[in-house]
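The values are calculated or read from the model by the stated rules, or taken from the named source; none is laboratory data. Fair warning: this is a prediction, and the values are worked out from it, not measured in the lab. So basically every Cβ, Gly included, is an ideal-geometry build from the backbone, and we count neighbours across all protein chains shown.
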Amino acid sequence: MAEDGDVVSPSPAAAWSRLRLRQSTHLRDLTDETTFSMAHLVQPVFVVEGLAAPEPIAGLGDNARHGEQDALARIGRDLEAGVRHVLLFAVPGERDDRPARFPVMAQAVRAIKTAFGDALHLWVDICLCAWTRHGHCALFDDRGGIDLGPTLASLGAAAVSAADAGADGISPSDMMDGRTASLRQALDEAGHQRVTMMSYSTKFASHFYGPFRGAADSAPRHGDRRHYQIDVRARHDALASSVRCAREGADLLMVKPGLTSLDLIDPIRTSTGRLVGAYQVSGEYASLVGLAERGFGDFDALLRETLLVFRRAGAGYVITYGARRGRTLGLAG
C-alpha cells in the first residue's frame, strides 16, 4: 500500500521528503496530526541590515523590525515563550537589479544558529522582492517580462546561501513557475539534501499584505503582482499550484492568506498527500489588533479563535505573528 507521501512523488523523491520531515524533534512535532501545541506555530522575524534600534511594525502589535543583535534578543525571548519555529525575513540596505549574493541573509542565519543551535528550527523566506530595486519577486527582461531562467538562478543562489549558513529549511514565496524543482535541485547539488522546503504553494494576489510590505520594504515600485500570484477567484489554479509544488519536491505546503483560503486546505491535502499549513498574514493579524484596540474584542480570545479555526479546517501548522503568545492562549509546549 502506498504511503500518503507517495501520492504525487515517486521514490526516491518521496523517500527523501519523508527523511527530511523525520530528521529532528522540531519537524516530527510540527507534523504531528493529533495535537495542537506551540510546536505547530511559526513566528516570523524581520532582520534589517544596519538597523540600530527596533522599529515597531504598524498594525502588528508587539512585532518589530530588528537589527541583528536585537533580533537575537527577541528570538531568545521567543524561545523562552515556547516558540520552536522561526521564519526569517532578511531585509538588505542596498538593492540590485539582478541580485546574486545575499550576505545579509547569510549573516543573520549564521548569527541565529550560532546563538541557538538546535533549540529552534530556522526557516528562511526565499524571494527577491526585498532585494530588487523594483520590488518585484522576479527579474525582468528588456521587454518588461519575467526573465524566468535568471530569476530561478538568483532564487537558487539565495536558497543555497541560506543553507550554507546553517538554515534548517527554506520557504520560497516568489510564485515563479518551476521554482520548487529548481530550488530542490540547487540545494541537492550543493549537498543540502536534508534542508527542508516549506513552500508558499498556494499564494493569492491579496489585499491583506499591507503591513508586511512595510516591514520587509517589499512593495513593488511599479505595477502589481497579479501576473505571477494567483487570482483570488481561481480555485482550480490554486489547487493546481500546490499539486505542482508537491510534485516538484516541496516537503510542506501552505495557503496564503490563511483565513481567505480555508476552503482549500483539505482539498490540497487530499490531492497531494502533503501536510498543508496556513499563513495568518499581516492584514489578517492587524485586523485582530485593530478590533482589540478599539474595544471590540479581547485580542488573545480573537487570536485563539482564529488559530483553532485554522486547525479545524485541517491546517497542519500555522505561521502567525502571534506564535510567541501561544502559551498565553493555552497551548502546551
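Some values worked out for this structure:
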| read-out | value |
| --- | --- |
| Residues of the range 158-192 that turn out to be over 22 Å from ILE112 (Cβ atoms), part of a helix (DSSP H, G or I) and charged (D, E, K, R), as a count | 4 |
| Within the range 41-58, considering residues that are out of contact with any Phe, Trp or Tyr (no Cβ under 8 Å at 6 or more places or on another chain) and in contact (Cβ under 8 Å) with a residue 40 or more places away in the chain, the one surrounded by the fewest Cβ atoms within 10 Å (Cβ to Cβ) | GLY50 |
| Every pair of residues 6+ apart whose Cβ atoms lie under 9 Å, when the first sits in the range 147-166 and is on the phi > 0 side of the Ramachandran plot while the second is outside any helix (DSSP H, G or I) and modelled with pLDDT of 95 or more | GLY166/LEU122 |
| Verdict on ASP78 being among the acidic types (Asp, Glu) and crowded, with 23+ Cβ neighbours inside 10 Å | no |
| Helices (runs of 4 or more DSSP H) enclosed by the range 261-327 - at least 2 residues per element that are under 23 Å from ARG77 (Cβ atoms) and of a type in the set (Gly, Ala, Ser) | 282-293 |
| Qualifying residue in the range 190-203 (condition: without any contact (Cβ under 8 Å) to a residue 12 or more places away in the chain and closer than 22 Å to ARG18 by Cα) | yes |
| All positions within the range 123-157 that are touching a Phe, Trp or Tyr at 6+ places or on another chain (Cβ under 8 Å), modelled with pLDDT of 95 or more and assigned to a strand (DSSP E or B) | ASP125 |
| Among (1) farther than 20 Å from PHE46 by Cβ; (2) out of contact with any helix residue (DSSP H, G or I) (no Cβ under 6 Å at 6 or more places or on another chain); (3) of a type in the set (Phe, Trp, Tyr) - the single one TYR285 does not satisfy | (1) |
